[in-house]
Amino acid sequence: MAGKADLVIAGGGFAGLGLALALKTELGAGFSVVIVDPVLGKGPSRDPRSSSIATGARRFLEKLGVWQAVADQAQPILDMVITDSKLDDPIRPSFLSFAGDVEPGEPFGHMVENRLLLDALVARAETLGVELRGQGASVSRYKLTEDGITAELPSGDDIATQLLAAADGGRSRLREQAGIAMHGWDYGQSGIVTTVEHELDHEGRAEEHFLPAGPFAILPLTGRRSSLVWTERTGEANRILSLDDAGFHAELERRFGLKLGELKVIGPRAAFPLSMRIARNFIADRLALVGDAAHIIHPIAGQGLNMGIRDAAALAECVVDAAALGLDIGSPDVLERYQRWRRFDTVSMGIATDGLNRLFSNDHDAIRLVRDVGLGLVERFPAAKRLFIREATGLTGTVPRLMR
């Protein structure tokens with residue numbers, strides 16, 4: 001016989017954990033949530049990446065009681081500089097810079113190591129009474145019933161629920177079972193990620209160098225450390241990753257420069273293929289897609305994780321409002337509201353990041369001239385810069401309550 005829960009979430013990443021915490025925070029102990037993910041219960045996270053947490057996402061995490069656990073290890077982004085040059089240009093002039101607070105004393109973003117934030121989310125979920133099923137457990141399929149949906153686990157410990165949230169990543173099996181197509185393309189690029197230590201203080205400054213192969217982002221971490229997101233054509237990325245330490249350091253220094261003094265790679269290096277994929281629908285019968293199961297975009301604007309958190313905040317609000325009225329939280333009306341809310345925003349961001357990547361990941365002199373003139377114009381108009389900052393913070397459009 002199947003167990004029961006008000007909501008089942010397949011996937012214990014940022015979006016899945018954020019959704020669970022939002023619902024427990026808003027609806028209390030009487031609302032039962034189960035997260036199923038094979039990684040849960042295997043000890044501290046080993047995710048080597050770091051992420052930019054926009055203002056809206058940071059407010060969300062703060063209201064869930066999570067941010068407080070990582071605040072001391074989160075680096076405020078106080079300034080951002082954008083350059084556009086060829087790889088071997090001796091000088092990389094700054095065409096655009098962003099500085100300032102969203103509100104007094106509130107930076108427009110922070111950098112946090114993924115492993116720290118994931119561990120804080122899991123710890124908070126345990127405190128609030130979210131049931132975590134890990135150690136190899138997964139939701140392999142689902143079955144619709146007369147009055148709900150059943151999450152099927154390979155172990156046979158199925159869970160009957162009103163709503164199933166698919167937060168099981170870009171290769172979501174639940175999305176595939178629902179017959180929801182993903183539309184998009186591969187970029188032929190890979191993002192190399194690692195962490196470096198440098199001799200001089202970054203002073204909270206993020207830098208994004210637009211190079212012909214793609215953006216090379218230097219993102220400040222606490223101490224004299226920075227996280228790198230280094231975009232290359234996939235073949236070149238594989239070549240660079242295969243180099244010995246000295247060869248990798250030489251390639252890194254060509255792109256990073258010596259502005260922050262001597263460099264030392266202190267984190268593992270890895271590469272991830274880059275693509276854009278957006279689900280044709282974000283919902284099916286009693287099923288909602290959140291995070292990478294619904295969308296994957298280019299990291300050029302650092303919005304991937306923030307979009308997943310916004311999905312979680314929006315779906316939680318739809319569920320909370322329905323529950324407050326005594327309605328079925330898995331009904332078509334509830335899910336349609338979520339889809340209307342999130343799909344347009346997602347498509348808009350996907351188009352924007354795709355356009356930026358295509359505009360800057362090339363070496364055509366005429367295009368470089370046009371884009372550099374455009375960057376210079378934005379630099380000269382404070383109102384335009386404020387608009388870009390506001391968009392990057394996740395505080396435009398209809399903002400979920402927990403992100404305000």
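When you go through Leu17, Leu61, Leu7 one by one, which is the residue that is among the aliphatic types (A, V, I, L, M) and over 19 Å from the mean Cα position of the chain (by Cα)? It would help to see each step written out before you state the result.
Details: Leu17 fails: over 19 Å from the mean Cα position of the chain (by Cα); Leu61 fails: over 19 Å from the mean Cα position of the chain (by Cα).
None of the other options fit; the residue is Leu7.
Of these, Gly184, Gly191, which one is surrounded by 23 or more Cβ atoms within 10 Å (Cβ to Cβ) and over 22 Å from Gly12 (Cβ atoms)?
Values: Gly184 fails: surrounded by 23 or more Cβ atoms within 10 Å (Cβ to Cβ).
None of the others qualify; the one that does is Gly191.
Please state which one of Ala250, Ala246, Ala314 is of a type outside the set (Ser, Thr, Tyr), farther than 28 Å from Met80 by Cα, part of a helix (DSSP H, G or I) and without any contact (Cβ under 8 Å) to a residue 12 or more places away in the chain.
Values: Ala250 fails: farther than 28 Å from Met80 by Cα; Ala314 fails: without any contact (Cβ under 8 Å) to a residue 12 or more places away in the chain.
Of Ala250, Ala246, Ala314, the one residue that is of a type outside the set (Ser, Thr, Tyr), farther than 28 Å from Met80 by Cα, part of a helix (DSSP H, G or I) and without any contact (Cβ under 8 Å) to a residue 12 or more places away in the chain is Ala246.
Tally time: how many residues in the range 344-358 are surrounded by fewer than 16 Cβ atoms within 10 Å (Cβ to Cβ) and modelled with pLDDT under 90?
Going through the range 344-358 one residue at a time, the tally reaches 2.
Looking at the range 210-220, which of the residues that are in contact with a strand residue (DSSP E or B) (Cβ under 6 Å, 6 or more places away or on another chain) and buried (at least 20 other Cβ atoms within 10 Å of the Cβ) is farthest from Ile82 (Cα to Cα)?
Pro220
What pairs come up if the first residue lies in the range 81-98 and is surrounded by fewer than 17 Cβ atoms within 10 Å (Cβ to Cβ), the second is assigned to a strand (DSSP E or B) and β-branched (Val, Ile, Thr), and their beta carbons are under 8 Å apart, counting only those six or more places apart or on different chains?
Close Cβ pairs satisfying both conditions: Pro93/Thr83; Ser94/Val81; Ser94/Ile82; Ser94/Thr83; Ser97/Val81; Ser97/Ile82.
Restricting attention to the range 336-343, does a residue exist that is buried (at least 17 other Cβ atoms within 10 Å of the Cβ), in a loop (DSSP other than H, G, I, E, B) and in contact with a Ser or Thr (Cβ under 7 Å, 6 or more places away or on another chain)?
From the range 336-343, those buried (at least 17 other Cβ atoms within 10 Å of the Cβ) are 337-339, 341-343; that's our starting set.
Imposing the further condition that a residue be in a loop (DSSP other than H, G, I, E, B) reduces the set to none.
No, the conditions are met nowhere in the range 336-343.
Given (1) farther than 19 Å from Phe60 by Cβ; (2) touching a strand residue (DSSP E or B) at 6+ places or on another chain (Cβ under 7 Å), where does Ala324 come up short, assuming only one miss?
The number of the failed condition is (2).
Within the range 297-304, does at least one residue satisfy the condition of being under 30 Å from Gln177 (Cβ atoms), at pLDDT below 95 and either of a type in the set (D, E, K, R) or assigned to a helix (DSSP H, G or I) (or both)?
yes
Condition first: assigned to a loop (DSSP other than H, G, I, E, B), over 13 Å from Phe282 (Cα atoms) and under 18 Å from the mean Cα position of the chain (by Cα). Can you find one or more residues in the range 171-192 that meet it? Please lay out each step first, then the result.
The initial filter retains those residues of the range 171-192 that are assigned to a loop (DSSP other than H, G, I, E, B), namely 171-172, 178-181.
With over 13 Å from Phe282 (Cα atoms) added as a condition, the list becomes 171.
With under 18 Å from the mean Cα position of the chain (by Cα) added as a condition, the list becomes 171.
Among the residues of the range 171-192, at least one is assigned to a loop (DSSP other than H, G, I, E, B), over 13 Å from Phe282 (Cα atoms) and under 18 Å from the mean Cα position of the chain (by Cα), which makes the answer yes.
Of the residues Val196, Val139, Val122, only one is on the phi < 0 side of the Ramachandran plot, in a strand (DSSP E or B) and in contact with a strand residue (DSSP E or B) (Cβ under 8 Å, 6 or more places away or on another chain); which?
Numbers: Val139 fails: in a strand (DSSP E or B); Val122 fails: in a strand (DSSP E or B).
Of the residues listed, the single one that is on the phi < 0 side of the Ramachandran plot, in a strand (DSSP E or B) and in contact with a strand residue (DSSP E or B) (Cβ under 8 Å, 6 or more places away or on another chain) is Val196.
The values are calculated or read from the model by the stated rules, or taken from the named source; none is laboratory data. None of the values given here were measured: they were computed from a predicted structure. A quick note on method: Cβ atoms are made from the backbone with ideal geometry, for glycine too, and the neighbour counts reach across all protein chains shown.
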